[in-house]
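K.L.:
Structure in structure tokens, see below.
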Amino acid sequence: MPYRHLLALTALAASLVGCGAMQPPGPSAVAELQSTRGNTASGKVVFVQHGDHVMVHARVTGLQPNQEHGFHVHEKGDCGSGDGMSTGGHFNPLGKPHGPHDSGDRHAGDLPALKADANGAVEVRFPIRGITIGEGATDIVGRGLIVHAQPDDYKTQPTGNAGARIACAVIQRG
């Protein structure tokens, strides 16, 4: 095999392994975010299980321009209160403290912040560990999904001091 073909195949294999393409996607879930009373944030979030992590793809509009917004899975799949409070606290089936999404010692529901652009919109994709779709104690199906008005400080217990709940959804099996 010519050397250039070997290099191309090596690069292709490395890129496939790096993006998780070697691992077929598993179950999926979706959340249709609706604004809470007096707010304008809305959007769609798709969750897809990939082995030991979940890939999250979020598109949200109506946010405060150029600001970070706390983003969490909450205990209850109930957006009926109009202010998002009926979702309860952060989803925390393993009894961990609140913390950054990339910390091993955090609520299962602690997700990365959403950073809005100058138009108040965000589209982001990220992997997250510590949650599952459709099985086990860390299953997010049927839970609430909340976008908060303020950034998460990742320190204040148990909420991160992220402020009002400006968008709410129930995570449903995809």
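K.L.:
Can you go through G142, G84, G70 and tell me which one is at pLDDT 90 or above, within 19 Å of V46 (Cα to Cα) and surrounded by 17 or more Cβ atoms within 10 Å (Cβ to Cβ)?
P.N.:
G70
K.L.:
Is it true that some residue in the range 44-60 is in contact with a Phe, Trp or Tyr (Cβ under 7 Å, 6 or more places away or on another chain), surrounded by 14 or more Cβ atoms within 10 Å (Cβ to Cβ) and either at pLDDT 95 or above or under 21 Å from G142 (Cβ atoms) (or both)?
P.N.:
Yes, because at least one residue in the range 44-60 is in contact with a Phe, Trp or Tyr (Cβ under 7 Å, 6 or more places away or on another chain), surrounded by 14 or more Cβ atoms within 10 Å (Cβ to Cβ) and either at pLDDT 95 or above or under 21 Å from G142 (Cβ atoms) (or both).
K.L.:
Can I ask one more? Check the range 94-101 and report whether any residue there is closer than 15 Å to A167 by Cα and either among the acidic types (D, E) or surrounded by fewer than 22 Cβ atoms within 10 Å (Cβ to Cβ) (or both).
P.N.:
no
K.L.:
Considering each residue of the range 118-136, count those that are assigned to a loop (DSSP other than H, G, I, E, B) and over 21 Å from R173 (Cα atoms), and give that number.
P.N.:
So the answer is 4.
K.L.:
Hey, does the range 58-72 have a residue that's within 17 Å of A169 (Cα to Cα) and free of Cβ contacts under 8 Å to residues at least 12 places away in the same chain?
P.N.:
No, the range 58-72 contains no residue that is within 17 Å of A169 (Cα to Cα) and free of Cβ contacts under 8 Å to residues at least 12 places away in the same chain.
K.L.:
I need the strands (runs of 3 or more DSSP E) fully contained in the range 17-109, keeping only those with at least 3 residues that are among the β-branched types (V, I, T).
P.N.:
Working: elements: 28-35, 42-50, 53-61, 71-74.
Where strands (runs of 3 or more DSSP E) fall fully within the range 17-109 and carry at least 3 residues being among the β-branched types (V, I, T), they are 42-50, 53-61.
K.L.:
Additional query: Conditions first: (1) at pLDDT 95 or above; (2) acidic (D, E); (3) under 21 Å from G43 (Cα atoms). D110 passes all but one, so which condition is the exception?
P.N.:
Condition not satisfied by D110: (1).
K.L.:
Go through (1) in a strand (DSSP E or B); (2) crowded, with 18+ Cβ neighbours inside 10 Å; (3) touching a Pro at 6+ places or on another chain (Cβ under 9 Å) one by one and return the number of the condition D152 breaks.
P.N.:
That leaves (1) as the condition not met.
K.L.:
Can you go through C79, C168 and tell me which one is touching a Gly at 6+ places or on another chain (Cβ under 6 Å) and crowded, with 23+ Cβ neighbours inside 10 Å?
P.N.:
Within the list C79, C168, the selection yields C168.
K.L.:
Based on what the data block shows, is D105 modelled with pLDDT under 90 and more than 15 Å from the chain's Cα centre (by Cα)?
P.N.:
yes
The values are calculated or read from the model by the stated rules, or taken from the named source; none is laboratory data. A quick note: this is a predicted structure, and the numbers were derived from the prediction, not measured. A quick note on method: Cβ atoms are made from the backbone with ideal geometry, for glycine too, and the neighbour counts reach across all protein chains shown.
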